[in-house]
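Some notes on the structure that comes next.
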Amino acid sequence: MDQIVLRHVTKRFTTKTLGDIVAVDDFNLNVQEGECFSFLGPSGCGKSTTLRMIAGFEDLSEGEIELCGRPVSVKSKNLYVPPEDRGLGMVFQAFAVWPHMNVFENVAFPLRIQKMNRADIDKKVADALRHTNLTGLEKVYPSDLSGGQQQRIALARAIVTQPKVMLLDEPLSNLDPKLRESMRFEIKELQRKFNFTIIFVTHDQSEAMAISDRMMVCDMGRIMQIDTPENLYNKPVNRFVHSFLGESTFLNVVIKDGQVYAEGDMEHPLGLDIPDGAAEKMVVATRPNSIELTGGSDGYRTHVEKRIFLTDRTEYLVPVGGQMLKVQTPHRVSFAEGESCCVKLESPMWYPAEDEQAEKERLRRQLI
Ligand code: ATP
């Protein structure tokens, strides 16, 4: 069953200095019961605005939102259910805990708003604290606790009402990398126990990939692709998604007389098959670890410009035409700086040549 449905959801803002902006442009998506669904994209792409509209903190310019089968925002009917009546659990950026309340009071707060009786509050708070490993800390104030514990208070407060949908906006951004990893695991454990649906907003692609069943990658207020982490990585629909997930290396190429050349070297073809419908100028995309680097004569002949030793692999920068290609190999493949070599691109993906206008617009949005 669909737990969260967005139909043609659009949000426009007018800013004084930089004019009009469509922050969220015609979003359509369905998130299923029990799913962990991430919003991923660069700053200014519309992630938080979308989450705020789902939470009810922001009105829509157009479209409608349904939660657990119930319409909560329908612009055409002027229907708007306030956040407190949407039945959501939320953990937003930073440690959203109240410093003047102890752990028990922080977690009990949503139940007191519901005017629940004392015995039920005691029981539900005890349950939530147990599930978040905070039992015994009821009387302690947040300032005496670690970052991870403070974030667990926010989680306990979000689960105490047993919501069906949990909205998490960069909930781990203030934690150090090790703690982030263990909190990710704890969130998934809580989800397994309570079977809520999660929307998770993050800048961090590896975090999103680790936690999500499906992800939405957006750019400049538009949905680029919705898919599983694996498909987004292996079958990105465009250059933007390719570059956003994992490491990418791109080569501008020119197609002439049935051959593919790297821009800057129209003498030595790359030996690639030309896909149907390719324009004269294209971009060829690969992952740095799927390029073959050999000492033989198979591929494009060049040399190693720079060699960088990384912990689990070696990275090489090799000139191809007027461009620099990034290649990563296991340590057993070893070339010295200046040594000649051949590069071969294994099943690359093809995209239209770079759109400078898009790059300018992306920058403008980050400035607003
Ligand atoms: P970040 O990761 O930096 O939080 P985001 O992807 O969540 O970015 P949003 O905060 O949703 O992006 O913003 C989308 C666009 O809408 C941005 O260009 C932003 O500047 C603009 N925007 C957001 N809120 C407002 C507002 N209240 N008034 C005007 N413009 C806004």
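The values are calculated or read from the model by the stated rules, or taken from the named source; none is laboratory data. These numbers were taken from a predicted model, which means no experiment stands behind them. Cβ placement follows ideal geometry from the backbone for every residue including glycine, while neighbour counts extend to all protein chains displayed. Accessible surface is based on the protein model in full, side chains and every heavy atom, while ligands, DNA and RNA are left aside. Shrake-Rupley method; radii C 1.70, N 1.55, O 1.52, S 1.80 Å.
Here are the numbers for the structure shown:
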{"quantity": "Residue within the stretch 233-249 that is crowded, with 18+ Cβ neighbours inside 10 Å, in a strand (DSSP E or B) and out of contact with any Leu (no Cβ under 6 Å at 6 or more places or on another chain) present", "calculated": "no"}
{"quantity": "Some residue of the stretch 207-218 being in contact with a helix residue (DSSP H, G or I) (Cβ under 6 Å, 6 or more places away or on another chain), at pLDDT below 85 and not in a helix (DSSP H, G or I)", "calculated": "no"}
{"quantity": "Every pair of residues 6+ apart whose Cβ atoms lie under 8 Å, when the first sits in the stretch 186-201 and is at positive phi while the second is surrounded by 15 or more Cβ atoms within 10 Å (Cβ to Cβ)", "calculated": "195/34"}
{"quantity": "Flag if residue 78 is assigned by TED's automatic domain parsing to the domain that holds residue 175 and open to solvent by 60 Å² or more (accessible area, probe 1.4 Å)", "calculated": "yes"}
{"quantity": "Lone qualifier among 179, 168 - being outside any helix (DSSP H, G or I), closer than 19 Å to residue 200 by Cα and in contact with a Ser or Thr (Cβ under 9 Å, 6 or more places away or on another chain)", "calculated": "168"}
{"quantity": "Conditions (1) among the aromatic types (Phe, Trp, Tyr); (2) surrounded by fewer than 21 Cβ atoms within 10 Å (Cβ to Cβ); (3) near the ligand (Cβ under 9 Å from one of its atoms): number failed by residue 39", "calculated": "(2)"}
{"quantity": "Filtered residues of the stretch 134-151 (kept if outside any helix (DSSP H, G or I) and either of a type in the set (Gly, Ala, Ser) or in contact (Cβ under 8 Å) with a residue 40 or more places away in the chain (or both))", "calculated": "136, 141, 145, 146"}
{"quantity": "Hits in the stretch 85-126 (condition: in a helix (DSSP H, G or I), of a type outside the set (Gly, Ala, Ser) and open to solvent by less than 50 Å² (accessible area, probe 1.4 Å))", "calculated": "103, 104, 106, 107, 110, 111, 121, 125"}
{"quantity": "Conditions (1) hydrophobic (A, V, I, L, M, F, W, C); (2) closer than 17 Å to residue 179 by Cβ; (3) not in a helix (DSSP H, G or I): number failed by residue 154", "calculated": "(3)"}
{"quantity": "Qualifying residue in the stretch 344-367 (condition: more than 28 Å from the chain's Cα centre (by Cα), assigned to a strand (DSSP E or B), modelled with pLDDT of 85 or more and exposed (fewer than 12 other Cβ atoms within 10 Å of the Cβ))", "calculated": "no"}
